[in-house]
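See structure below.
The values are calculated or read from the model by the stated rules, or taken from the named source; none is laboratory data. The structure displayed is predicted, hence computed values, not measured ones. Cβ coordinates were reconstructed from backbone atoms using ideal geometry, including for glycine residues, and neighbour counts include every protein chain displayed. For the accessible areas, the whole protein counts, side chains as well, though only heavy atoms, and no ligand, DNA or RNA atoms are used. Shrake-Rupley method; radii C 1.70, N 1.55, O 1.52, S 1.80 Å.
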Amino acid sequence: MGKKITLSVIKADVGGFVGHSSVHPELLETARGVLAGSPLLIDFHVTHVGDDINLIMTHENGKDNGSIHQLAWDTFLSCTGVAKKLKLYGAGQDLLSDAFSGNVKGMGPGVAELEFEERGSEPVIVFMADKTEPGAWNLPLYKMFADPFNTIGLVIDPKMHKGFLFEIRDLIENKKVTFSCPEELYDMLVFIGATGRYVVKSVFQKETNEIVATSSTQRLNLMAGRYVGKDDPVLLVRCQSGFPAVGEALEPFANPHLVSGWMRGSHSGPLMPVPVAMSNPTRFDGPPRVAALGFQLCGGKLLGPQDFFADPSYDLARQKANEIANYIRRMGPFEPHRLHLNEMEYTTLPDVSKRLKDRFEKLRLS
Ligand code: F6R
Ligand code: MG
Ligand code: MG
């Protein structure tokens, strides 16, 4: 066994610039400074998508490592200090506690970590979304790893032909279950079609049992017991040589599917693929965005990034997302543009119901 590399992506919104649209450059510089001073990392890349800072890090300490999580936490604390000084919007909003407990999970930041032996060549993609939730990855992951109309490798690459295992999390009851695809596709779809509750946590190649993809599955709103911002998830995908080709992993985003999030985390809207420079949600605080950065790993070094959605082949997806946004915005506060009552991040329903309680008259069945 060779030595293992861990790719850790830890993200948080610790203050928006302006409003909830982007990250102030001083925060990104601060994060780079803290990570550069650490002896723990092989390499790192600091970026943002919308108002979230993403720390992309490689090291040899494994997943859930206390020192790495502490480093990310300290980085976000330093950024929060700057955000407070600049009076940025919602400074420190994703750091749910003052006391760090050894692992950032459950404390606000989103986490996705992949641990593996680096292959002869190791292309990876870091997908990062803003103004949406972890279930936004369900449909693209299904397409990448289970749909031959998206991924021709499932049909004609002998190393992919057996299929993939999907580990699904139930975010409400805190349970997990694994489905073997393609045999159990229909059973799996019963669950992952319900994106607000069931999310694909990881995908494994059946041929080798290797982990190929993993996502962040935090539900910030449930963790905090009150609204503190949508989770804005990340997804890591290893590509090529028996895993989806880079183009097969990117292909699902050519059709901007509807996801939950957008304005006040309470609307359904198209997920628009964009380069990092275009990742600042504007219209109605959206529409929700996804960026995809590609890296070649080389002894843990992050060669890159390639900003994949800067490519003109995603222009039509952006246009389509704008058309869908235009269409669905016309529905204003009506479902299904506005989310179902129990999926909204903001609601005035209890207060209004209480105030109008006496105006509601019981109807008798006649
Ligand atoms: C959604 C989001 C924004 C805010 C909205 C209101 O995830 O971040 O749409 O919900 O701008 O923000 P507050 O309540 O902070 O004024
Ligand atoms: Mg924000
Ligand atoms: Mg955000």
Pairs where the first residue, in segment 340-351, is closer than 19 Å to GLY135 by Cβ and open to solvent by less than 80 Å² (accessible area, probe 1.4 Å) and the second is modelled with pLDDT under 85 and aromatic (Phe, Trp, Tyr), C-beta under 8 Å, 6+ apart: GLU345/TYR227
Spans of strands (runs of 3 or more DSSP E) in segment 83-175 with at least 1 residues in contact (Cβ under 8 Å) with a residue 12 or more places away in the chain and open to solvent by 20 Å² or more (accessible area, probe 1.4 Å): 110-117, 164-170
Single unsatisfied condition, PRO256 versus (1) open to solvent by less than 20 Å² (accessible area, probe 1.4 Å); (2) not in a loop (DSSP other than H, G, I, E, B): (2)
From the options LEU71, LEU55, residue that is in contact with a strand residue (DSSP E or B) (Cβ under 9 Å, 6 or more places away or on another chain) and under 19 Å from ILE125 (Cβ atoms): LEU55
Residue in segment 102-149 that is nearest to the chain's Cα centre (by Cα), counting only those that are within 29 Å of VAL23 (Cα to Cα) and basic (Lys, Arg): LYS131
Evaluation of GLY332 against (1) at positive phi; (2) over 32 Å from the mean Cα position of the chain (by Cα) (one fails), failing number: (2)
Residue within segment 20-39 that is in contact with a helix residue (DSSP H, G or I) (Cβ under 8 Å, 6 or more places away or on another chain), within 25 Å of THR132 (Cα to Cα) and within 15 Å of ligand 2 (Cβ to nearest atom) present: yes
Candidate set from segment 277-309 (those that are in contact with a Leu (Cβ under 7 Å, 6 or more places away or on another chain) and touching a residue at least 40 places away in the same chain (Cβ under 8 Å)); member that is farthest from ligand 2 (Cβ to nearest atom): GLN296
Any hit, segment 310-320, residues being surrounded by fewer than 17 Cβ atoms within 10 Å (Cβ to Cβ) and in contact with a His (Cβ under 9 Å, 6 or more places away or on another chain): no
Where a residue in segment 59-70 is among the aliphatic types (A, V, I, L, M) and its partner, wherever it lies, is surrounded by fewer than 16 Cβ atoms within 10 Å (Cβ to Cβ), with Cβ under 8 Å and at least six apart: ILE68/LEU40
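For segment 266-366, give me every one of the strands (runs of 3 or more DSSP E) that falls completely inside it and has 2 or more residues that are more than 24 Å from ASP13 (Cβ to Cβ) and outside the structural domain of THR6 (by TED's automatic domain parsing). Quick ask: steps written out before the conclusion?
Details: elements: 267-270, 289-298, 301-307.
The strands (runs of 3 or more DSSP E) meeting that bar are 289-298, 301-307.
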